[in-house]
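Visitor: Structure provided below as structure tokens; questions to follow.
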Amino acid sequence: MSFLKLDGVTKTFGGLTAVNAVDLTVEKGQIYSLIGPNGAGKTTLFNLISSIFPVSAGRITFDGQDITRTPTHAMAGLGMARTFQNLAVFKHETVVNNILVGLHSSLRTDLFSAAIFWGRARREEIRARERAEEIIEFLEIEDLRDLPVGTLSYGQQKRVELGRALAVDPKLLLLDEMVSGMNQEEREEIGRFVLDLKEELGMTVFMVEHDMGIVMDISDRVCVMHHGSKIAEGTPAEVSADPVVIEAYLGSRSRAA
Amino acid sequence: MRTGHFQETTGQLIALTDSPAVIGWTGVLIAGLLAAPLVVGNYELTLMVTVLIAVVGAVGLNLLTGTTGLISLGQAGFLAVGAYGNAVLMVDYGWPVWLSLPAGGVVSALISLLVGIPSLRLKGLYLAITTLAFSFIVSHVILYAEPITHGPNGIFVNGAKILGVNVQKGPALYYLTLFVAVCVVLMVLNMQRTRLGRGWLAIRDHDIAARAMGIDLTRYKLLAFVVSSFIVGIAGGLLSLQIRFINIDVFGLILSIEALAIIILGGMGSVAGAIMGAVFLTLLPEAIRIAFNLILTPGSAFYSTYVYEIRGVAYGAVIVAFLRFKPDGLIGLWRDARKYWSNWPLAY
């Protein structure tokens, strides 16, 4: 039983086919990377998996459930969280509040108990806050917790976004170009966090990444997309030796010569 | 410099405040407000009631526009619905005011669903126009639904009693408004520190990310509309008690603009800001009146002749000045001052 399975997933925008009949399978506990040249359709595929866009054709199953038509806001409850390619943090809010938003679907407070804020609502808030503090500690951002996220550096904001996704307590974590725009030190830290997530928490991580260093270092499996189609899949070593992949990235030998 | 500020339990972290100074000063403020009718004259008391009603309305609007980021120019409409709801139920159906006042809020909340649903797909200016249209529709419906609303004749709102006390004048009205204002402020502050408040803020800052984090946009936007309109409707009901005669002319476009001006001046998204803005903008005409009386020769009719024009100019000037020099509003000024003093003598 595969954990995340895409079956002929296709997305067209008018006449443009952004994702063309992609099949892929992510097994539980894997770090699975999706790479490809710019415009290959990687982010679009992510948006289809997290149901931000509806698929034009095909089927997506996650943890034994068909999620092809599940609304976006239900995904967190099913155990899927994601980060975005271009920061999508709540930038006027503090770091703590950003992370607390990730806990949204695990909380139950309704309008009336919220207005009174006594008993159950208060206990639930305390629990949520404790959980948020754990995540803050894991990501080593204790000194930033009360600052508005918009005032932080790019790398710090990315880290908050990762924290927010972790707050969902996901079984599957989708990371869209997590390390872009980061320096070497920050990249290595993120790589270490991702490995920790897999090894300590047994989380499945599916990432879109341009940074080949991190892809080759930590991935269990790599999938390559080009012009909306999947062109190769395998271990990092297999993929990097695949002539089709080399051609997609560098152009064909005959033309180059 | 203020140092050594630590929390020992998570409960303290989520409390509205754990600072003894804030608790102390809030106590002083409440005590002062409770004692006010003993000290001040009738005119000042009326002014304070007006301020408190503005506070209720501003906190309501702030929830929708400041916190959730849905710009509304329809406040006058919701105020009108609340005011008429209260007035009709109280005067024509003989409901006691403690029931008709919240009922007016409920009517306003239900009607907000009508605006809320088409507004789900609209943002920014488009939503502002839709809500503006809504407030015009409301005044037309009120004008033509004569059997219920008395149309152009308006309604005289008299004889509201709670426990045998007339709550439409003097200290009784003041205490009623104060009670409602305190309840509303506490309610909203509480909501803002739960997942509801965070959901609204998330929608304002990044709606796609909010959805991905499990926030149902439809539900939360409608919830913001309903809660906000309920509060604004109650402000309308209080207004009808205070002014004792309502017709549609009371609820003109300028009222919606004033409401928006209040939360811009106060600082969007902050309850304390909305309160400050309401106090500031409601007392501004008063300050201008006093200033004119000092400048002009006694008996000059200049101010009374141009009162509306002067007021309009003053609102405009103040809004422009704040947007230019202090976009965070009064709450931003307050935060700066607090930061300055708590860091003193260091710069930061």
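Visitor: Out of curiosity, is B:E8 charged (D, E, K, R), at pLDDT below 95 and assigned to a helix (DSSP H, G or I)?
Guide: So B:E8 fails the test.
Visitor: Separate question: Can you tell me which condition A:G150 does not meet? The list is (1) crowded, with 18+ Cβ neighbours inside 10 Å; (2) in contact with a His (Cβ under 7 Å, 6 or more places away or on another chain), and all the others hold.
Guide: (1)
Visitor: Is it the case that region B:205-213 has a residue that's of a type outside the set (S, T, N, Q), touching a residue at least 24 places away in the same chain (Cβ under 8 Å) and assigned to a helix (DSSP H, G or I)?
Guide: Yes - at least one qualifying residue is present in region B:205-213.
Visitor: Ok, one more. For B:G24, only one of the following conditions fails: (1) within 24 Å of B:M268 (Cα to Cα); (2) surrounded by fewer than 23 Cβ atoms within 10 Å (Cβ to Cβ). What is its number?
Guide: Looking at each condition in turn, B:G24 falls short on (1).
Visitor: Could you please find all residues in region B:1-58 being within 14 Å of chain A (Cβ to nearest Cβ) and of a type in the set (V, I, T)?
Guide: B:T9, B:T10, B:I14, B:T17
Visitor: Continuing with the same structure: Just a yes or no: is a residue in region B:309-318 outside any helix (DSSP H, G or I) and among the acidic types (D, E)?
Guide: Checked against the condition, which is being outside any helix (DSSP H, G or I) and among the acidic types (D, E), region B:309-318 yields no hits at all.
Visitor: Please determine whether any residue of region B:20-35 is touching a strand residue (DSSP E or B) at 6+ places or on another chain (Cβ under 8 Å) and modelled with pLDDT under 95.
Guide: For region B:20-35, residues touching a strand residue (DSSP E or B) at 6+ places or on another chain (Cβ under 8 Å) and modelled with pLDDT under 95: absent.
Visitor: Moving on to the next point. Scan region A:108-138 for residues that are in a loop (DSSP other than H, G, I, E, B), surrounded by fewer than 20 Cβ atoms within 10 Å (Cβ to Cβ) and either in contact with a Gly (Cβ under 6 Å, 6 or more places away or on another chain) or among the hydrophobic types (A, V, I, L, M, F, W, C) (or both) and jot them down.
Guide: A:W118
Visitor: So if I check each of B:V188, B:V165, B:V106, which one is β-branched (V, I, T), more than 13 Å from B:V81 (Cα to Cα) and either within 14 Å of another protein chain (Cβ to nearest Cβ) or crowded, with 17+ Cβ neighbours inside 10 Å (or both)?
Guide: Sole residue among the options that is β-branched (V, I, T), more than 13 Å from B:V81 (Cα to Cα) and either within 14 Å of another protein chain (Cβ to nearest Cβ) or crowded, with 17+ Cβ neighbours inside 10 Å (or both): B:V188.
Visitor: A:M203 versus (1) surrounded by fewer than 19 Cβ atoms within 10 Å (Cβ to Cβ); (2) away from chain B (no Cβ under 14 Å); (3) of a type in the set (A, V, I, L, M, F, W, C): which is the lone unmet condition?
Guide: Only one criterion is unmet by A:M203, namely (1).
Visitor: A further question follows. Can you name every residue in region B:301-344 that is among the aromatic types (F, W, Y), under 21 Å from B:I288 (Cα atoms) and surrounded by 12 or more Cβ atoms within 10 Å (Cβ to Cβ)?
Guide: The answer is B:F302, B:Y303, B:Y306, B:Y315, B:F322.
Visitor: Could you say which residue among B:L178, B:L201 is at pLDDT 90 or above, within 13 Å of another protein chain (Cβ to nearest Cβ) and either assigned to a helix (DSSP H, G or I) or surrounded by 22 or more Cβ atoms within 10 Å (Cβ to Cβ) (or both)?
Guide: From the options B:L178, B:L201, the qualifying one is B:L201.
Visitor: Consider only pairs whose beta carbons are under 6 Å apart and that are at least six residues apart or on different chains; among these, list those whose first residue lies in region A:49-76 and is at positive phi and whose second residue is part of a loop (DSSP other than H, G, I, E, B).
Guide: Partner pairs satisfying both residue conditions: A:S51/A:T70.
Visitor: What do you reckon, is B:G237 of a type outside the set (S, T, N, Q), touching a Pro at 6+ places or on another chain (Cβ under 9 Å) and buried (at least 24 other Cβ atoms within 10 Å of the Cβ)?
Guide: Spelling it out, B:G237 is indeed of a type outside the set (S, T, N, Q), touching a Pro at 6+ places or on another chain (Cβ under 9 Å) and buried (at least 24 other Cβ atoms within 10 Å of the Cβ).
Visitor: Taking region A:159-184 as the region of interest, how many residues are more than 13 Å from chain B (Cβ to nearest Cβ), more than 25 Å from A:E125 (Cα to Cα) and outside any loop (DSSP other than H, G, I, E, B)?
Guide: Qualifying residue count, region A:159-184: 1.
Visitor: Got at least one residue in region A:79-95 being more than 11 Å from every other protein chain (Cβ to nearest Cβ) and in a loop (DSSP other than H, G, I, E, B)?
Guide: Yes, the conditions are met somewhere in region A:79-95.
One line per residue, one yes/no per condition, for (1) over 15 Å from A:T83 (Cβ atoms); (2) under 20 Å from the mean Cα position of the chain (by Cα); (3) not charged (D, E, K, R):
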position: A:A115; (1), (2), (3): yes, no, yes
position: A:R131; (1), (2), (3): yes, no, no
position: A:I135; (1), (2), (3): no, yes, yes
position: A:L139; (1), (2), (3): no, yes, yes
position: A:L147; (1), (2), (3): yes, no, yes
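Visitor: Tell me yes or no: at least one residue of region A:32-47 is within 11 Å of another protein chain (Cβ to nearest Cβ), part of a loop (DSSP other than H, G, I, E, B), on the phi < 0 side of the Ramachandran plot and more than 14 Å from the chain's Cα centre (by Cα).
Guide: no
Visitor: Which condition does A:A132 not pass, out of (1) over 20 Å from A:M207 (Cβ atoms); (2) more than 10 Å from every other protein chain (Cβ to nearest Cβ); (3) free of Cβ contacts under 8 Å to residues at least 40 places away in the same chain, if it passes all the others?
Guide: So the condition that A:A132 fails would be (2).
Visitor: Assuming A:S105 fulfils every condition listed in (1) in contact (Cβ under 8 Å) with a residue 12 or more places away in the chain; (2) closer than 30 Å to B:F230 by Cβ; (3) not in a helix (DSSP H, G or I) apart from one, which condition is it?
Guide: Going through (1) in contact (Cβ under 8 Å) with a residue 12 or more places away in the chain; (2) closer than 30 Å to B:F230 by Cβ; (3) not in a helix (DSSP H, G or I) one by one, A:S105 breaks only (3).
Visitor: On the basis of being more than 20 Å from B:I203 (Cα to Cα) and of a type in the set (S, T, Y), does B:S72 make the cut?
Guide: no
Visitor: The conditions are (1) without any contact (Cβ under 8 Å) to a residue 40 or more places away in the chain; (2) on the phi < 0 side of the Ramachandran plot, and A:E209 fails exactly one of them. Which is it?
Guide: Going through (1) without any contact (Cβ under 8 Å) to a residue 40 or more places away in the chain; (2) on the phi < 0 side of the Ramachandran plot one by one, A:E209 breaks only (1).
Visitor: Moving to a separate point now. B:L63 is checked against (1) more than 14 Å from chain A (Cβ to nearest Cβ); (2) on the phi < 0 side of the Ramachandran plot and fails just one. What number does that condition carry?
Guide: Failing condition for B:L63: (1).
Visitor: Let me ask something else. Scan region A:166-194 and report the pairs whose first residue is surrounded by fewer than 19 Cβ atoms within 10 Å (Cβ to Cβ) and whose second residue is among the polar types (S, T, N, Q) and not in a strand (DSSP E or B), with Cβ atoms within less than 8 Å and a gap of 6+ or a chain change.
Guide: Once the first residue is surrounded by fewer than 19 Cβ atoms within 10 Å (Cβ to Cβ) and sits in region A:166-194, its partners that are among the polar types (S, T, N, Q) and not in a strand (DSSP E or B) give A:D169/A:S106; A:S180/A:Q85.
The values are calculated or read from the model by the stated rules, or taken from the named source; none is laboratory data. Every value quoted in this text rests on a predicted model; they were computed, and no experiment measured them. With ideal geometry, Cβ positions are generated from the backbone for all residues, glycine too; neighbour counts draw on all protein chains shown.
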